[in-house]
Amino acid sequence: MGNWSEKQINDVWEKATKVPNVDANKFRKDLAGAWIQKDKHGDNTALGYGWEIDHIKPQAKGGSDDLNNLQPLQWENNKTKGDDYPKFDTSVTSEGNKNKYQKKSWSY
């Protein structure tokens, strides 16, 4: 999960997608549309709102810890993405206010 400071966690949280009529201080969505909850950073409950800080360009491929290379991902999406780059998959999106399994493919 990484040794992230509270400031880094908050800065990355701010990059998550705000949803109209939803308290953005508590709930947002990741790039795949999966719900994440601010106070669930590091929680790995299946289909839950837990999230992790992802390196867009993985460290294994030369990516850094700079904020512009970090994004919030629902933890299962981060696990699915792994070190894949620039093409990668995610495994969780949402329907209504619940997360659900659905594979999506992406490319940077």
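With the structure loaded, tell me whether ALA60 is in contact with a Pro (Cβ under 6 Å, 6 or more places away or on another chain), closer than 19 Å to TRP4 by Cα and of a type in the set (A, V, I, L, M) or whether it fails that test. When the stated conditions are applied, ALA60 does not pass them. Picking from residues in the stretch 28-53 that are outside any strand (DSSP E or B) and of a type in the set (A, V, I, L, M), the one that is surrounded by the most Cβ atoms within 10 Å (Cβ to Cβ) is ALA34.
Look at (1) modelled with pLDDT under 95; (2) in contact with a Gly (Cβ under 9 Å, 6 or more places away or on another chain) and you find that GLY42 fails only one, number (1).
Scanning the stretch 1-27 for residues that are β-branched (Val, Ile, Thr), assigned to a loop (DSSP other than H, G, I, E, B) and surrounded by 15 or more Cβ atoms within 10 Å (Cβ to Cβ) turns up just one, VAL19. Residue pairs whose Cβ atoms lie under 8 Å apart, separated by 6 or more positions or on different chains, with the first residue in the stretch 26-43 and closer than 18 Å to SER91 by Cβ and among the charged types (D, E, K, R) and the second part of a loop (DSSP other than H, G, I, E, B) and modelled with pLDDT of 95 or more, are LYS29/ALA16; LYS29/VAL19; ASP30/ALA16; LYS40/GLY48; LYS40/TYR49; LYS40/GLY50; ASP43/TYR49; ASP43/GLY50.
With respect to TRP4, determine if the residue is among the aromatic types (Phe, Trp, Tyr) and within 14 Å of the chain's Cα centre (by Cα). Considered against the rule, which asks whether it is among the aromatic types (Phe, Trp, Tyr) and within 14 Å of the chain's Cα centre (by Cα), TRP4 comes out as no.
The values are calculated or read from the model by the stated rules, or taken from the named source; none is laboratory data. Note that the structure is a prediction, hence the values are computed from the model and not measured. So basically every Cβ, Gly included, is an ideal-geometry build from the backbone, and we count neighbours across all protein chains shown.
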